[in-house]
Amino acid sequence: KTMIDATPNECGRDVEALRQAKALLQSSGVSNVHLVQLDLTRPLARACYDAVLALECLVEIPDDDAALGQMVQVLRPGGLLLSHIPERYWRPVLPGSATIWRHEVRHGYLEREVKEKMKHAGAEVTAVARTTRGTVAVAQEIRDRCKGRSLKVQAALYPLMLGAVWLERLGATWGPARAMLVEARRR
């Protein structure tokens with residue numbers, strides 16, 4: 001059985017996301033995923049998971065050190081922590097795009113900071129891949145501008161996102177990376 005942990009915040013935006021995710025799982029017939037609302041900065045279970053994904057969330061958690069510590073603690077020895085993290089100096093590509101990362105409390109990280117934080121949490125960084133260069137960044141910024149529009153408009157943007165990822169993988173992109181994918185293993 002797989003468990004996905006979601007960290008709520010004070011204003012309830014994650015409570016709604018959790019409700020929507022539960023509804024999507026139920027309507028899709030997925031029964032082996034259990035969604036729970038937890039505070040990742042407080043003690044969780046110990047050494048019971050093979051993998052933890054932390055996708056674009058660390059910049060939104062005020063006590064990121066405590067959260068990373070808990071994410072590592074729930075991993076079995078050798079367990080995998082994958083985290084997608086905005087780079088410290090990222091900037092939007094298109095004029096008028098948001099200059100902050102959603103609900104950020106800090107504007108990204110430097111690679112050396114992430115490695116130090118992982119080490120302090122009890123994990124060893126095994127790989128860092130730079131991601132989200134110009135092609136993907138433009139697609140994301142367009143997608144972000146169209147949130148709240150009709151499902152038809154949002155569905156029309158989906159191929160743009162897929163194409164942007166495909167082009168970036170082929171190297172058809174430009175500019176500095178705006179994020180990094182960090183792979184770490186619990187010691």
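So what is the 222 nm mean residue ellipticity for the chain from helices alone, if each DSSP H run of at least 4 adds -39500 (n - 2.57) and you divide by all residues, rounding to the nearest 500 deg cm²/dmol?
Working: 5 runs with 69 residues, N = 187.
About -12000 deg cm²/dmol.
Taking 0.36 nm per residue of sequence separation and subtracting the Cα-Cα distance, how much length would be gained by fully extending the chain between Leu170 and Arg91, in nm to one decimal? Display every interim value, and only then the final one.
Values: separation 79, 0.36 × 79 = 28.44 nm, distance 2.25 nm.
Stretched fully, the Leu170-Arg91 segment lengthens by 26.2 nm.
If DNA, RNA and ligands are ignored and the probe is 1.4 Å, what is the ranking of Lys117, Lys152, Lys22 by accessible area, most exposed first?
Numbers: Lys117 40, Lys152 170, Lys22 100 Å².
From most accessible down to least: Lys152, Lys22, Lys117.
Sort out for me the Cα centre separation of the range 102-122 from the range 133-155, rounded to whole Å.
If you average the Cα positions of each part, the centres end up 27 Å apart.
Consider the candidate values (1) 1.15; (2) 0.99; (3) 0.97; state which one is Rg/Rh (Cα atoms, Kirkwood Rh) computed from the structure displayed.
This structure yields the entry labelled (3).
When the chain is fully extended, how far beyond the present Cα-Cα distance does Leu38 get from Leu25, taking 0.36 nm per residue of separation?
Working: separation 13, 0.36 × 13 = 4.68 nm, distance 1.88 nm.
Computed gain between Leu38 and Leu25 is 2.8 nm.
Kindly work out what percent of the DSSP beta bridges joining two residues of the chain are antiparallel, to the nearest 5. Walk me through the numbers on the way to the answer.
Details: 15 of 27 bridges.
Looking only at bridges with both residues in the chain, the antiparallel portion is about 55 percent.
Could you put Leu94, Leu24, Leu151 in order of accessible surface area, largest first, with the 1.4 Å probe and the full protein assembly present?
Leu151, Leu24, Leu94
The values are calculated or read from the model by the stated rules, or taken from the named source; none is laboratory data. Keep in mind that this is a model prediction, so the values were computed, not measured. SASA here: full protein model, heavy atoms, side chains in, ligands and nucleic acids out. Shrake-Rupley method; radii C 1.70, N 1.55, O 1.52, S 1.80 Å.
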